[in-house]
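The values are calculated or read from the model by the stated rules, or taken from the named source; none is laboratory data. Worth saying up front: this structure is predicted, and the values here are computed from it rather than measured. All Cβ positions, glycine included, derive from the backbone under ideal geometry; neighbour counts span all protein chains shown.
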Amino acid sequence: MGYDLINVRPIAGSIGAEIEGIDMSKPLGNQAFKEVHDALMAHQVIFFRDQDITPGEHVAFARQFGTLHVHPYAPSHEDHPEVLILKSSKANRSSANIWHSDVTFQEEPPLGSILLAREVPEAGGDTMWANMYDAYETLSDAMKRYLEGMKALNTSGHARFERAYDTLSDDEKERIRFERKAQEGVEHPIVRTHPVTGRKALYVNGIFTQKIVGVSRRESRAILDYLFDHLHKPEFTCRFRWEKGSVAFWDNRCTQHYAVADYGDATREMHRVTVNGDRPF
């Protein structure tokens, strides 16, 4: 694939590429948008360095790719509710160190997310991504036949979202508890077809996927455990070392990610803007 305005350097054999030639504080023209979008479709997660952008510029860049998501539970920027604040410290450690795809407990999970590093530890705190096309394609033919047409229940009930609960009123805490308890979850296909590439991707994850629909709980647990173990083989993954001002833009429909919580007493703060998607099929 040829690119005229950007330089694309893959960082692993299966997934991930670093992009040069984009200033995210400025609007993308038509050609730059096409090249960034093509790179995302080809590599599933793309990385940018040295992006000194404001929350408003972060939001404006993301809006070029679609309408934006506001997370129902996690903390956001006071002036820009689309900016999710993910701050992790020793007292409030990240809960994202499980392989997952974002917000699959909603009917229309995100297209993707754009994550900006605001504060990073001197060492540690990397993020890994895994290629769910490869995860599906390397399943046995028998397993593919078994999963064909099957759905799984996704809920938010077992997730822990990073939020400074001690700053909330009792009413706000109760509202969040009630909303999460009332959220019954949604059924999504275990194997989804990407709406742009047409490729099939494995679409279950260890945070939100609770049960395969239509089989016993014991059978469901055995199959899900197998798939959760299978989907993060090293051959499917890449690993990104953050620096302040680094950005990752990933396709939530065909990847999973894992925030490595190996930075001890250090603090890590990331800002995430998420682009809305559509119902999986």
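Quick notes on this one:
- Residues satisfying the stated conditions in segment 33-56, i.e. part of a helix (DSSP H, G or I) and closer than 22 Å to Thr127 by Cβ: Val36, His37, Ala39, Leu40, Met41, Ala42, His43, Pro55
- Residue selected from segment 234-252 under the condition in contact with a Ser or Thr (Cβ under 8 Å, 6 or more places away or on another chain) and part of a loop (DSSP other than H, G, I, E, B), by the criterion farthest from Tyr203 (Cα to Cα): Trp242
- Some residue of segment 17-30 being modelled with pLDDT of 95 or more, surrounded by fewer than 20 Cβ atoms within 10 Å (Cβ to Cβ) and assigned to a helix (DSSP H, G or I): yes
- Test: residue in segment 259-273 that is within 18 Å of Tyr136 (Cα to Cα) and in contact with a Lys or Arg (Cβ under 9 Å, 6 or more places away or on another chain): no
- The residue of segment 218-248 that is surrounded by the fewest Cβ atoms within 10 Å (Cβ to Cβ), among those that are closer than 13 Å to Ala117 by Cβ and not aliphatic (A, V, I, L, M), is Glu243.
- Members of segment 1-16 that are surrounded by 14 or more Cβ atoms within 10 Å (Cβ to Cβ), under 22 Å from the mean Cα position of the chain (by Cα) and outside any strand (DSSP E or B): Ile11, Ala12, Ser14, Ile15, Gly16
- Unmet requirement for Val213, which otherwise passes all of (1) among the hydrophobic types (A, V, I, L, M, F, W, C); (2) surrounded by fewer than 19 Cβ atoms within 10 Å (Cβ to Cβ); (3) closer than 25 Å to Gln44 by Cβ; (4) in contact with a Leu (Cβ under 8 Å, 6 or more places away or on another chain): (3)
- Of all residues making up segment 254-281, the number that are in a loop (DSSP other than H, G, I, E, B) and either in contact with a helix residue (DSSP H, G or I) (Cβ under 8 Å, 6 or more places away or on another chain) or of a type in the set (A, V, I, L, M, F, W, C) (or both): 5
- Scoring Ile85 on the criteria (1) surrounded by fewer than 17 Cβ atoms within 10 Å (Cβ to Cβ); (2) within 30 Å of Pro234 (Cα to Cα); (3) modelled with pLDDT under 95 leaves a single failure, condition (1).
- Of the candidates Ala222, Ala201, Ala117, the single residue that is over 17 Å from the mean Cα position of the chain (by Cα) and either modelled with pLDDT of 95 or more or farther than 26 Å from Arg239 by Cα (or both) is Ala222.
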